[in-house]
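Here is the structure we will look at, set down as structure tokens.
The values are calculated or read from the model by the stated rules, or taken from the named source; none is laboratory data. Small disclaimer: the values here were computed from a predicted structure and weren't measured. Neighbour counts are summed over all protein chains in view; Cβ atoms, including those assigned to glycine, are modelled from backbone coordinates with ideal geometry. Quick note on the areas: whole protein, heavy atoms, side chains included, nothing else; ligands and nucleic acids left out. Shrake-Rupley method; radii C 1.70, N 1.55, O 1.52, S 1.80 Å.
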Amino acid sequence: MATYDFVFEALGLERWCASGTSTVPMSMADLMARQSGEVATTTPWNLPFPSLDALNAACPAFPQSRQVTKGLESGFLGIKDSLSIVLDPLTQPLSWMLSGALQTVLNTPWWIVIPLLLLVVQLVSRSWGLVVFVGLSISGLAFIDHYDHAMQTLAIILVCAFLCVLLGVPIGIAMSRSDTIQRMAIPVLDMLQTLPPFVYLIPLIFLFSVTEPKLYGIAIILYAIVPVIRLTNLGIRLVDKDVIEAADAFGMTDHQKLFGVQIPLALPNIMAGVNQTIMMSLAMVVIASLVSAPGLGVLVLRGIRNLELGVGLVAGLGIVLLAVILDRVSKASLARINAAQPQ
Amino acid sequence: MSAAANQDIETEMRDQPETAAAAPAGEVKVAIRKLFKIFGADPQGALAQVEAGMGKNELLEQHGHVLGLRDIDVDIEAGKITVIMGLSGSGKSTLIRHLNRLIEPTAGEIRVDGEDVLAYGPAQLRRLRREKMSMVFQKFALLPHRTVLENAGLALAVRGYTKQEFEDEANKWLERVGLGGNGGQYPHQLSGGMQQRVGIARALTSNAEIMLMDEAFSALDPLIRTDMQNLLLELQNELHKTVVFITHDLDEALKLADHLVILNEGYIVQQGEPQDILLHPNDDYIVDFISDINRARVLRVRSVMHKTRTTPDNCAGEVDHDDNLESVIARSQGDTAYSYKVMRDGEQIGVLDMKALVRALVPTRAAEDGLRARPGG
């Protein structure tokens, strides 16, 4: 009957095949094939690949392909509750930080927030030109009533980028000190970097409630933490071997070597990683508006959903403006670090 | 600045050079015995092969292990400059890194002041590196993010002194190496020669009795290099450190060495007093080495004279025992008919015959019986 009958005959498994049937409900394709009543003739030309479905046709006890995705799903749902018990309290501070930051920027009057922002820009970049540029950009956004959305986006990015650095730098240091940890971490980092941003959201939606800020917080951190880890690891590994040898020869402890030599010399690379992390947070915060992240992303989403061209474009340009601001400010502070310690 | 801490640092500073200076000549500071180093996956397995007489090339071809050092025996005397010379790949940099265990030996023994360094735990090893041995590097290896002053005071900073506490000491040594006003600059603002002066000041500030110098002057241009050699000799006259100096340059080796060790492919070809090696090389390798040098400039009167207290008939005057032959030739105007009385501290210790001087200038062929048989070869 089916193409691969002979396999099970040869193995003497007919009785096992007859004993069971696949438990998956019948698919639409199966139903259609049965309705049409056509008997498929098998020629070498249209020989089916011995897939789960093809083998199932020959032996009903054999599982179908649909059971794979269904198994994965039920497996995930099975561990979901226990996973939530562990992850929920662990990630709760993230929710507090995000909602705290959002509350703060929205409840503080603009005439405090904007000068404060400009002060920070001046402190990290020491460039008046940049301060003027940032001031004009934010005033421009506020002038067209995008101030709240822009500040929400900025608040989310700053919280997430701060956490990325807080977690990423120690992970990078651990990787630089042990080849084993590096070997284990690199595939994970590769996966995080290549996974399409939307895919992050799928398991997270099941794990956390969509109304919680930590849902998008975790998605942003997972996506944006990779460069700071990679560049911290790389920066420390690239520190001149001769200098490390000198540090050893003068009897430095590991601790003195790490904080007195390796981290200071790796700082330009670490800061380049921080810059990348901030830019990737911005990319993800727009996508995260799908799962209730507030900010300019919401307006972009509205533009797409309701075909409101103007709303979407203005919000998009606002995001570009924020990107330019974040990039310039972080690059200016990076340049200051580079100037302070020439190689 | 806390006065007590300063007092502390100063007494510590003062104690050590005196003990070093007071070390009687001939006392062995560092003893290296039967040292082997094999690089590869299974050094111990390869060691058995080497002890059975396998050579460097065979070991690499048959076992994929690199023979770094073979059966090294050296006594490094206190207060002297021991120069280890060899071409690149001869294992000299590997050898010097064994002294402070930047590289671990495969087999053998290293004793510093009679203590077995290989038995040290991490804390003792750090103590050795902080207080007993300092190091100067070929590529300077200064910390680029710290000022010259902070670099010079590195050894003290590592021991836990604050900048205020080590400032005076570091400035003193910067001054001594000729970098008095440069303390506030960063290393990249200095030339190569000045950077290496910082490297030397850093080693001196640590006040260690033993100074390891790994091709310290090789990266400098010739004039600066001569300056630095003179600086080292000057400092050595004052401080009497135990210096281990690595070089691939024979002229430099002959200029600095009290004791010369010549390495080739990881074993010692010959070691001894430089003059002695020059007059009695025991190996073709060394003959090749010394064939290019100006013998008249390197050989000293004391190595060529014969010992006597009588005044010769054809005596043309007095020369010092440490003069080089070139100066004597200049004085005699090339006339070989004369002899000179050889003086040390105003006392005659021998006679130099000009004919013997000329014979000493004849290029040497390998001596028949070597001072040390070449192992395995």
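Would you check if A:LYS80 is open to solvent by less than 70 Å² (accessible area, probe 1.4 Å) and in a helix (DSSP H, G or I)?
Answer is yes for this residue.
Condition first: more than 8 Å from chain B (Cβ to nearest Cβ) and not hydrophobic (A, V, I, L, M, F, W, C). Now tell me which residues in segment A:236-259 satisfy that.
A:ARG237, A:LYS241, A:ASP254, A:HIS255, A:LYS257
For A:LEU307, are the conditions met, namely being of a type outside the set (S, T, N, Q), over 26 Å from the mean Cα position of the chain (by Cα) and away from chain B (no Cβ under 14 Å)?
In short, yes.
Tell me, yes or no, whether segment B:212-219 has at least one residue that is farther than 30 Å from B:LYS34 by Cβ and open to solvent by 20 Å² or more (accessible area, probe 1.4 Å).
Yes - at least one qualifying residue is present in segment B:212-219.
It is to be established whether one or more residues within segment B:105-125 are under 27 Å from A:PHE259 (Cα atoms) and among the basic types (Lys, Arg).
Within segment B:105-125, not a single residue is under 27 Å from A:PHE259 (Cα atoms) and among the basic types (Lys, Arg).
For B:GLU104, work out the one condition from (1) among the charged types (D, E, K, R); (2) within 13 Å of another protein chain (Cβ to nearest Cβ); (3) assigned to a helix (DSSP H, G or I) it doesn't fulfil.
(3)
Filter segment B:58-67 down to the residues that are of a type outside the set (A, V, I, L, M, F, W, C) and on the phi < 0 side of the Ramachandran plot, then identify the one that is least open to solvent (accessible area, probe 1.4 Å).
The extreme case among them is B:HIS65.
How many residues does segment B:107-127 contain that are at the interface with chain A (Cβ under 8 Å from one of its Cβ atoms) and either surrounded by 20 or more Cβ atoms within 10 Å (Cβ to Cβ) or hydroxyl-bearing (Ser, Thr, Tyr) (or both)?
Residues that pass the stated criteria total 0.
For A:LEU290, state whether it is at pLDDT 90 or above, part of a helix (DSSP H, G or I), open to solvent by 60 Å² or more (accessible area, probe 1.4 Å) and more than 14 Å from chain B (Cβ to nearest Cβ).
no
List, please: which pairs have Cβ atoms under 6 Å, are six or more places apart or on different chains, and start with a residue in segment B:112-134 that is assigned to a strand (DSSP E or B) and end with one that is of a type in the set (S, T, N, Q)?
B:MET133/B:ASN100; B:SER134/B:SER206
Could you look through segment B:25-57, keep only residues that are under 30 Å from B:ASN207 (Cβ atoms) and open to solvent by 80 Å² or more (accessible area, probe 1.4 Å), and pick out the one that is modelled with the highest pLDDT?
The selected residue is B:ARG33.
One line per residue, one yes/no per condition, for (1) farther than 30 Å from B:GLN124 by Cβ; (2) of a type outside the set (Phe, Trp, Tyr):
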{"residue": "A:LEU163", "(1), (2)": "yes, yes"}
{"residue": "A:ASP179", "(1), (2)": "no, yes"}
{"residue": "A:TYR200", "(1), (2)": "yes, no"}
{"residue": "A:GLU212", "(1), (2)": "yes, yes"}
{"residue": "A:VAL228", "(1), (2)": "yes, yes"}
{"residue": "A:GLY235", "(1), (2)": "yes, yes"}
{"residue": "A:VAL239", "(1), (2)": "no, yes"}
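Considering only residues that are under 22 Å from the mean Cα position of the chain (by Cα) and not charged (D, E, K, R), which ones fall in segment B:292-307?
If the condition is that a residue be under 22 Å from the mean Cα position of the chain (by Cα) and not charged (D, E, K, R), then B:ILE293, B:ASN294, B:VAL298, B:LEU299, B:SER303 are the ones that fit.
Is at least one residue of segment A:88-97 open to solvent by 70 Å² or more (accessible area, probe 1.4 Å), part of a helix (DSSP H, G or I) and more than 30 Å from A:LEU207 (Cα to Cα)?
Checked against the condition, which is being open to solvent by 70 Å² or more (accessible area, probe 1.4 Å), part of a helix (DSSP H, G or I) and more than 30 Å from A:LEU207 (Cα to Cα), segment A:88-97 yields no hits at all.
Which of (1) free of Cβ contacts under 8 Å to residues at least 12 places away in the same chain; (2) buried (at least 16 other Cβ atoms within 10 Å of the Cβ) is the odd one out, the single condition B:ASP353 does not satisfy?
So the condition that B:ASP353 fails would be (1).
For a quick check of your reading of the model, give me the residue pairs whose first member lies in segment B:185-199 and is touching a residue at least 40 places away in the same chain (Cβ under 8 Å), whose second is open to solvent by less than 50 Å² (accessible area, probe 1.4 Å) and among the hydroxyl-bearing types (Ser, Thr, Tyr), with beta-carbon atoms closer than 7 Å and at least 6 apart or on different chains.
B:TYR186/B:THR147
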